[in-house]
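Peer 1: Below is one structure. I have some questions about it.
Please treat every number below as a calculation from the coordinates, not as lab data. The model shown is predicted, which means the values in this text are computed figures rather than measured ones. All Cβ positions, glycine included, derive from the backbone under ideal geometry; neighbour counts span all protein chains shown.
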Protein chains: 4
Amino acid sequence: MFSQTVHIRVRYGETDQMGMVYYGNYASYYEVARVEALRQVGFRYRELEEEGVIMPVLENHSRFIQPGLYDELLTVKVMIKKLPGVRTTFNYEFLNEKNELIHEGETTLAFLDNQTRKPCRPPGRLMEVLKPYFDEG
Amino acid sequence: MFSQTVHIRVRYGETDQMGMVYYGNYASYYEVARVEALRQVGFRYRELEEEGVIMPVLENHSRFIQPGLYDELLTVKVMIKKLPGVRTTFNYEFLNEKNELIHEGETTLAFLDNQTRKPCRPPGRLMEVLKPYFDEG
Amino acid sequence: MFSQTVHIRVRYGETDQMGMVYYGNYASYYEVARVEALRQVGFRYRELEEEGVIMPVLENHSRFIQPGLYDELLTVKVMIKKLPGVRTTFNYEFLNEKNELIHEGETTLAFLDNQTRKPCRPPGRLMEVLKPYFDEG
Amino acid sequence: MFSQTVHIRVRYGETDQMGMVYYGNYASYYEVARVEALRQVGFRYRELEEEGVIMPVLENHSRFIQPGLYDELLTVKVMIKKLPGVRTTFNYEFLNEKNELIHEGETTLAFLDNQTRKPCRPPGRLMEVLKPYFDEG
């Protein structure tokens, strides 16, 4: 399994008048988290688009357990539980500054050729980076 | 079943560099859609907060079928399939200008007393408005 | 002078924990307001991009007078005070539901050829639509 | 003069279909930049609100020089040029990864008592932190 830990600071504009992170902002946190998780192991999502591959989201699921609060430094555990095929799924667990689980998410993305907008294989470089996490012993 | 149709115009700032609605913006569309759906039958979400009740989101699920495009007037069918109890679930179907289903969503919200932040019953006024849609026979 | 009136409803996600519209969301309101103002006189910004012209913003200025509140239907007066040349300036005045001036803004945009990203003239169709508002006599 | 340097990574959702940072997102960057700048010298904006002071924005000005691009790590120089009184002004200069000036901004904020929503003095703790930067001689 691939697993990395990322930190995200809650911005003021991300709160709403309930005094917590607006529910619609978590999807943006997921994006930051998965991009940073891959960067930490040497892969930049930007490269992928430069090579003509895009990754639109197919499904997104969020479970809200406790409110995220302004200025908190959230800890996000990003996981890929299965080696990517034509699609890949990221899981996220969000902890607040008290180390409480406040949120869980799951995003499934496709790999598409940006020209044809047809499904394609994940780029070789990405697979190279991820494979070691899925090698069995 | 409660069902209403709402229209949302895609804003420029809601697109991303893939040239489509950024996936994270649909949750905000859901919010607009459910608030407008209730307004159409005479209930303002604003009232609810004025009476000390808030409705934080517990779960949110999104399925992305086709891209939403800039300036499109999306048609959103908002449904409540079961009379609200301590929680309520909204379903959404998004059609583009060609009348194609491009997106589906589902949001479950709680009713909380804003002071105690404990679960509470849905306000009487809301139930009055919704009940006729669930009367049998 | 070109002048049109547009209405924008404040979304929940646009508020922040001060209980008012987050200051950063007005620029998005400006975009909606100028696009709708042009639509009302028969010009779609979408067309412009389809013809290979983009309109990046050069300058933006905002003056915050009173808070915008959740669910308010804001009235926005959109003005173009000078016929567009290689750039064009929009002015906005925001009124709340009590008809009080709560916000003023000004945005200057360029016309760029999307291929070369060099300045270009405003499209003929746009000038046709705007000219009658600047005819003297 | 108070001056600090802060880094902000451009998120995917912050781009638009022109392939650059949506103009409306800079105000949110300003917020992050001024909050981080103060944190770097030991002051948390969060404290200020906990003490019953809020800082709504009075004016905001942005000058767009070059596009900000996805995934770039922007360098933001945050400046306070005059010791705060009942209001305070922040200036920002944004550099891209090639060290080019791409954007300038200026925000003026008020200090308000959150209960009365009347102007008040800046909190003593904030002044303590800022004063050394304005000492002459």
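Peer 1: Kirkwood Rh, Cα Rg: Rg to Rh for the protein assembly as shown?
Peer 2: 0.95
Peer 1: What number, rounded to the nearest 500 deg cm²/dmol, is the helix-based mean residue ellipticity at 222 nm of the protein assembly as shown, given -39500 (n - 2.57) per DSSP H run of at least four residues and division by all its residues?
Peer 2: -6000 deg cm²/dmol
Peer 1: Please report the relative contact order for chain C, taking Cα pairs under 8 Å with a sequence separation of at least 6, and give it as a percent rounded to a whole number.
Peer 2: The value is 30 percent.
Peer 1: What is the average number of partner chain Cβ atoms found within 10 Å of a Cβ in D:34-42? Before the final figure, lay out each step's value.
Peer 2: Working: counts 1, 5, 1, 0, 0, 2, 0, 0, 0.
Partner Cβ neighbours, averaged per residue: 1.
Peer 1: May I pose another question? Can you work out which chain B residue has the shortest Cβ-to-axis distance for the rotation that carries B onto A, and give it in Å?
Peer 2: Closest Cβ to the B-to-A rotation axis, residue and whole-Å distance: B:61, 3.
Peer 1: Compute the helix-to-body angle for D:26-40: its Cα long axis versus the longest principal axis of chain D, expressed 0 to 90° and rounded to tens.
Peer 2: It works out to around 50 degrees.
Peer 1: Shortest first and in nm to one decimal, what separations exist between residue A:46 and its copies in the other chains, measuring from label points 7 Å along the Cα-to-beta-carbon line?
Peer 2: Nearest first, the other copies' label points are 2.9, 3.2, 4.3 nm away.
Peer 1: Here's a follow-up. Placing +1 on the Cβ of each Lys and Arg and -1 on the Cβ of each Asp and Glu in chain B, which of B:1, B:12, B:33 has its Cα farthest towards the positive end of the resulting dipole?
Peer 2: B:1
Peer 1: Between residue A:1 and residue C:66, how many nm apart are label points set 7 Å from Cα along the C-beta direction?
Peer 2: Placing both labels 7 Å along Cα→Cβ, they lie 5.4 nm apart.
Peer 1: Let me ask you something else. Taking beta carbons within 10 Å but only from partner chains, what does the mean come to for residues B:61-73?
Peer 2: Per-residue shielding by partner chains comes out at 4.
Peer 1: Also, I was wondering about something else. Mind jotting down the distance between the C-alpha centroids of segment B:58-122 and segment B:1-42, whole Å?
Peer 2: Each part reduced to its Cα centre gives a spacing of 9 Å.
Peer 1: Of the residues B:108, B:116, B:89, which exhibits the maximal mean-square fluctuation in a Gaussian network model of chain B defined by a 10 Å Cα contact cut-off?
Peer 2: B:116
Peer 1: First select every other residue whose beta carbon is under 10 angstrom from the beta carbon of residue D:53; then total the charges, Lys and Arg +1, Asp and Glu -1.
Peer 2: After counting each charged neighbour, the total is -4.
Peer 1: Place the label 7 angstrom along Cα→C-beta at residue A:121 and in each other copy, then list the distances from the first to the rest in nm, shortest first.
Peer 2: Reported distances to equivalent positions: 5.2, 6.2, 7.0 nm.
Peer 1: Sorting B:103, C:61 on the 10 Å Cβ count, fewest up front, what's the list?
Peer 2: In increasing order of surrounding Cβ atoms, one gets C:61, B:103.
Peer 1: Where the label is 7 Å out from Cα toward Cβ, how close does residue D:101 come to the same position in every other copy, in nm, shortest first?
Peer 2: 3.2, 5.1, 5.5
Peer 1: Which residue fluctuates the most in chain C, going by a Gaussian network model with Cα springs under 10 Å, if the choices are C:51, C:36, C:93?
Peer 2: For chain C, modelled as a Gaussian network with Cα springs under 10 Å, the answer is C:51.
Peer 1: If you don't mind, there's one more thing I want to ask. To the nearest 20 Debye, how big is the dipole of the protein assembly as shown about its Cα centre, given +1 on the beta carbon of each Lys and Arg and -1 on that of each Asp and Glu?
Peer 2: Its charge dipole is roughly 0 debye.
Peer 1: Which residue, D:18, D:55, D:79, has the most motion in a Gaussian network model of chain D that connects Cα atoms within less than 10 Å?
Peer 2: So, out of D:18, D:55, D:79, the one fluctuating most is D:18.
Peer 1: Pairs to check: C:118/D:82; C:98/D:118; A:77/B:118; A:118/B:98; C:81/D:77. Give those whose C-alpha atoms are more than 32 Å from each other in this structure.
Peer 2: Going by Cα-Cα distance, C:118/D:82; C:81/D:77 fall outside the 32 Å limit.
Peer 1: Regarding segment B:1-103, what is the average projected area of its C-alpha convex hull, in nm²?
Peer 2: 7.1 nm²
Peer 1: Using the beta-carbon distance between residue C:97 and residue A:99 and R0 = 51 Å, what value does 1/(1 + (r/R0)^6) give for FRET efficiency, to the nearest 0.05?
Peer 2: My answer for the efficiency is 0.70.
Peer 1: Taking 7 Å along the Cα-to-C-beta vector as the label spot, tell me the residue A:121-residue B:82 distance in nanometres, rounded to one decimal.
Peer 2: In this crude spin-label approximation the distance works out to 4.5 nm.
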